[in-house]
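Right, one structure below, let's go through it.
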Amino acid sequence: MKRLLLILTLLASPLWAVQPDEVLDDPALEARARELSQGLRCLVCRNESIDESNASLARDLRLLLRERLVAGDSDEEAVDFIVGRYGEYVLLNPRATGANWLLWGAGPLMLLLAGGLGLVYLRGRAGGKAATEAPLNAEEEARLRDILNR
């Protein structure tokens with residue numbers, strides 16, 4: 001029973017995707033690479049960073065990032081190189097520049113617009129005239145008495 005519990009615990013623990021052959025010799029460069037790879041999206045796994053993903057494309061991106069850092073690129077240059085190659089979708093936290101301002105502002109803008117439209121609708125209903133019922137004419141009253149007397 002204890003062995004089964006141990007095996008299940010080991011299977012449930014998170015696996016690190018970075019392979020030992022990818023780790024850089026310089027601890028400072030490796031720390032920078034790990035920090036940068038936390039902010040880059042795996043294009044296969046969608047909302048998983050390349051640091052956590054086991055996909056082969058994520059491995060290629062990790063190696064490319066480390067290659068750029070070893071070549072002497074700054075953090076920003078290395079990330080810009082990858083963004084230039086794969087597009088801004090590769091960033092887990094997109095930059096709020098250019099057309100992205102529209103995307104960042106669309107949610108709150110739509111919420112305000114929906115709230116305003118709802119308020120106008122509710123005020124229009126509250127101020128409207130109540131439907132009045134017309135009284136029955138003589139023929140309708142006779143028909144109603146006939147139905148009720150049956």
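Values in this text are rule-based calculations from the coordinates and carry no lab data. As the structure is a computational prediction, the values presented were derived from the model and not from experiment. We place every Cβ from the backbone using ideal geometry, glycine too, and count neighbours over all the protein chains shown.
Scattering from the C-alpha atoms of the stretch 27-90 alone, worked out with Debye: what is log10 I(q)/I(0) at q = 0.14, 0.24 1/Å? For the stretch 27-90 at q = 0.14, 0.24 Å⁻¹, log10 I(q)/I(0) is -0.33, -0.98. In this simple spin-label approximation, LEU103 and GLU35 carry label points 7 Å from Cα along the Cα→Cβ vector, and these lie 2.5 nm apart.
Pairs of Cα atoms nearer than 8 Å and 6+ residues apart set the relative contact order; for the stretch 27-90 it is 29 percent.
Note on LEU113/GLU88: beta-carbon distance plugged into 1/(1 + (r/R0)^6) with R0 of 30 Å gives a FRET efficiency of 0.70. Report the paramagnetic label zone for ALA28: residues of the stretch 55-97 whose backbone N is under 15 Å from a point 7 Å from Cα along the Cα-to-Cβ axis. Output list for this probe position: 69-75.
Modelled this way, with points 7 Å down the Cα-to-C-beta line, the labels at THR132 and ASN54 are 7.6 nm from one another.
At R0 = 41 Å, how high is the FRET efficiency between ARG123 and ASN47 if r is their beta carbon distance? Nearest 0.05 is fine. Don't skip to the answer; put the middle values down first.
Numbers: r = 41 Å, r/R0 = 1.01.
Efficiency computed from Cβ-Cβ geometry: 0.50.
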